[in-house]
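Engineer: What follows is a structure written as structure tokens; I'll ask about it next.
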Amino acid sequence: MRVSQYKIVNELCGSVLEAYRIIESTKNLALLGDCIDALTIIAESIEEENCPKMESTISDMVELLPDNAANGNNMPRLVLLAEKLQKLAKKELKYRIRVLFVAELSSKWDSMESVYEAFKQRDDIDVDVVLEPIFRATKMPDDSVKSEIIYEDWLTPLGIENIPYTSYSIEKVQPDITFISQPYESVTVPMFWPENIAKYSRLVYLPYCMLKKLTFGSSFESFFCSPVEKYAWKIIAQSPKMKEYYKQYGSRKGENVIDCGLPKWDYALKINQSSIVCPETWKKKIDGKIVFLYNTHFSRSIPSIKEMEENNIFKFVSERDDVALIWRPHPMTETIKKVYSPEEYDNYLELKQFVENSKNIVLDTNITYRESFAWSDVLIDSNSSLQTQYILMKKPVVVMTNTNDKEILDRVYAAKKDGLYDYYTFNVYNGENNEHKAILDNITNKLDIDWDEFFSLYYPNINDNIGIQVTERIIDSYISEM
């Protein structure tokens, strides 16, 4: 029985009891007709629920009603039966909660996976997964609109049954709880905008990234007053500090925020070489080498191979025998280049071909980043959110910066304070010809880190079962409001 139906049956049982008490005290038999209608609805609602005691009680009540309508003498007995029916409804009826996960890019499924798995293990939950598209559009000089849609079934290869968004109606199904990880309305279909989900379901926001730094001012305040903050029933926050920001800047003052850590951490904490098979096409290129994972954002400019400087990381690595590179471009890179930077699209395709032909560079096109994480030694990044997952494996991160500060050029290993998240990185100036030598010098040095202290300071909620904790807290909150 759906929770909504469960609530209706219990409310009707309470209404019948209240009506019988009124009839008993006032001798006004006019409410009996409404009671008969209510009992009929209750009986029809529990036909498939295996509730013999409730069915027997309803039968007893119905048998007394004709005589009672004539003289009202059976009211004390009917009141007792109504009290019994109300207690039986709470005891015999079993409800099931329908949960919806709205999934889009495969790279973001890690934000939902452990919660999804925890819900699937419960016997009181029905789970639906809807695959939605992500799209980009831009207005061209001739006023035409060029668009690109990312929509492919990556869930089925993972063994996850899913529903195409065109075959799903949230208005018709009205799931009890809906999870999203994509808060931006500009790239999603209106059906899954927070304001529209909230009309029919309790919305839970599971962030797909852990924030490291925000800029104070209007952008800071607008982040905490976004539509998802306004319409979400619950928001899962990465830390107590994050909740404090919601309290300070959010329109709802953090009353809908749970600071229990992010479920996406569960995914990264389980990654290791013993559990993740190295792709066959990678082995020859990376075996016995120091392996860099190079993560690039779609905003990064891509020059043609001919125009690349010698210190460009692709050319630099291709000429070395002691290092290898795994390149994992942002999953929307190809779409963005097609739509927004068509002049760079051919460069992007050319670079992919260069990587394919190289002896020690691989292109990671896997559904998730787990292979890249497991089989690399260090992440080279430009301040993306991927850092916050990678460092969970106790591996260093190199951040390309745009500063010429001497301390950075000396490659001092230190803690960097970024407001929401403090993390250890190597900082390497992105304007020097020896930048890659600097990375090698750092990575080959012994890294003396107290990881236990690191995690206690910067991941106060860290553990490997956050998804279970989130599930339990969401269900407890939901049931308490029933």
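The values are calculated or read from the model by the stated rules, or taken from the named source; none is laboratory data. None of the values given here were measured: they were computed from a predicted structure. Note: ideal-geometry Cβ built from the backbone for every residue, glycine included; neighbour counts use all protein chains shown.
Engineer: Scanning for something in contact with a His (Cβ under 8 Å, 6 or more places away or on another chain), crowded, with 19+ Cβ neighbours inside 10 Å and among the β-branched types (Val, Ile, Thr), does the range 342-364 turn up at least one residue?
Structural biologist: no
Engineer: Taking THR368 as the residue in question, decide whether it is out of contact with any His (no Cβ under 9 Å at 6 or more places or on another chain), modelled with pLDDT of 70 or more, closer than 28 Å to HIS330 by Cβ and buried (at least 18 other Cβ atoms within 10 Å of the Cβ).
Structural biologist: Working: out of contact with any His (no Cβ under 9 Å at 6 or more places or on another chain): yes; modelled with pLDDT of 70 or more: yes; closer than 28 Å to HIS330 by Cβ: yes; buried (at least 18 other Cβ atoms within 10 Å of the Cβ): yes.
Judged against the criteria, THR368 is a match.
Engineer: Would you tally the residues in the range 124-153 being at pLDDT 90 or above, under 25 Å from VAL339 (Cβ atoms) and not acidic (Asp, Glu)? Quick ask: steps written out before the conclusion?
Structural biologist: Step one: of the range 124-153, the residues at pLDDT 90 or above are 124-133, 153.
Among the residues that remain, those that are also under 25 Å from VAL339 (Cβ atoms) are: 130-133, 153.
The next check asks that each one be not acidic (Asp, Glu); those that pass are 130-131, 133.
Qualifying residue count for the region: 3.
Engineer: Might you let me know whether the range 118-127 holds any residue that is out of contact with any strand residue (DSSP E or B) (no Cβ under 8 Å at 6 or more places or on another chain) and either surrounded by 15 or more Cβ atoms within 10 Å (Cβ to Cβ) or not in a loop (DSSP other than H, G, I, E, B) (or both)? Steps first, answer last, please.
Structural biologist: So the first thing to find is which residues in the range 118-127 are out of contact with any strand residue (DSSP E or B) (no Cβ under 8 Å at 6 or more places or on another chain), and the list is 118, 121-123.
Checking which are either surrounded by 15 or more Cβ atoms within 10 Å (Cβ to Cβ) or not in a loop (DSSP other than H, G, I, E, B) (or both) leaves us with 118, 122.
Checked the range 118-127: at least one residue is out of contact with any strand residue (DSSP E or B) (no Cβ under 8 Å at 6 or more places or on another chain) and either surrounded by 15 or more Cβ atoms within 10 Å (Cβ to Cβ) or not in a loop (DSSP other than H, G, I, E, B) (or both).
Engineer: Here is a further query. How do the helices (runs of 4 or more DSSP H) wholly within the range 175-281 filter down when requiring 1 or more residues that are touching a strand residue (DSSP E or B) at 6+ places or on another chain (Cβ under 6 Å) and at positive phi: which remain? Break it down into steps so the answer makes sense when it comes.
Structural biologist: Values: elements: 194-197, 218-223, 227-231, 240-249, 264-269.
Result: empty, no element qualifies.
Engineer: Within the range 55-78, is there a residue that is part of a helix (DSSP H, G or I), under 48 Å from the mean Cα position of the chain (by Cα), surrounded by fewer than 18 Cβ atoms within 10 Å (Cβ to Cβ) and in contact (Cβ under 8 Å) with a residue 24 or more places away in the chain?
Structural biologist: no
Engineer: Which ones in the range 1-38 are farther than 29 Å from ASP123 by Cα, in a helix (DSSP H, G or I) and without any contact (Cβ under 8 Å) to a residue 24 or more places away in the chain?
Structural biologist: At the first step, the residues of the range 1-38 found to be farther than 29 Å from ASP123 by Cα are 15-38.
Still in the running and in a helix (DSSP H, G or I): 15-26, 29-38.
Those that are farther than 29 Å from ASP123 by Cα, in a helix (DSSP H, G or I) and without any contact (Cβ under 8 Å) to a residue 24 or more places away in the chain: SER15, GLU18, ALA19, ILE22, SER25, THR26, ALA30, LEU31, GLY33, ASP34, ASP37.
Engineer: Identify all residues within the range 373-387 that are over 16 Å from MET210 (Cα atoms) and touching a Phe, Trp or Tyr at 6+ places or on another chain (Cβ under 9 Å); write none if there are none.
Structural biologist: Kept after step one, since they are over 16 Å from MET210 (Cα atoms), are these residues of the range 373-387: 373-380.
If the condition is that a residue be over 16 Å from MET210 (Cα atoms) and touching a Phe, Trp or Tyr at 6+ places or on another chain (Cβ under 9 Å), then PHE373, TRP375, SER376, ASP377, VAL378, LEU379, ILE380 are the ones that fit.
Engineer: Now for a different question. I need the full set of residues from the range 39-51 which are in a helix (DSSP H, G or I) and closer than 23 Å to VAL99 by Cα, in order please.
Structural biologist: Initially, the range 39-51 is screened for residues in a helix (DSSP H, G or I), giving 39-45.
Listed by number, the list holds a single entry, SER45.
Engineer: Taking the condition of being part of a loop (DSSP other than H, G, I, E, B) and within 16 Å of ARG98 (Cα to Cα), how many residues in the range 460-482 meet it? Walk me through how you get there before you give the answer.
Structural biologist: Residues of the range 460-482 that are part of a loop (DSSP other than H, G, I, E, B), as a first pass: 460-465, 481-482.
Narrowing further to those that are within 16 Å of ARG98 (Cα to Cα): 481-482.
Number of matching residues: 2.
Engineer: Still on this structure, I have one more. Consider VAL277 carefully, then state whether it is surrounded by fewer than 18 Cβ atoms within 10 Å (Cβ to Cβ), of a type in the set (Val, Ile, Thr) and modelled with pLDDT of 80 or more. Please lay out each step first, then the result.
Structural biologist: Working: surrounded by fewer than 18 Cβ atoms within 10 Å (Cβ to Cβ): yes; of a type in the set (Val, Ile, Thr): yes; modelled with pLDDT of 80 or more: yes.
Here the answer is yes, as VAL277 does meet what is asked.
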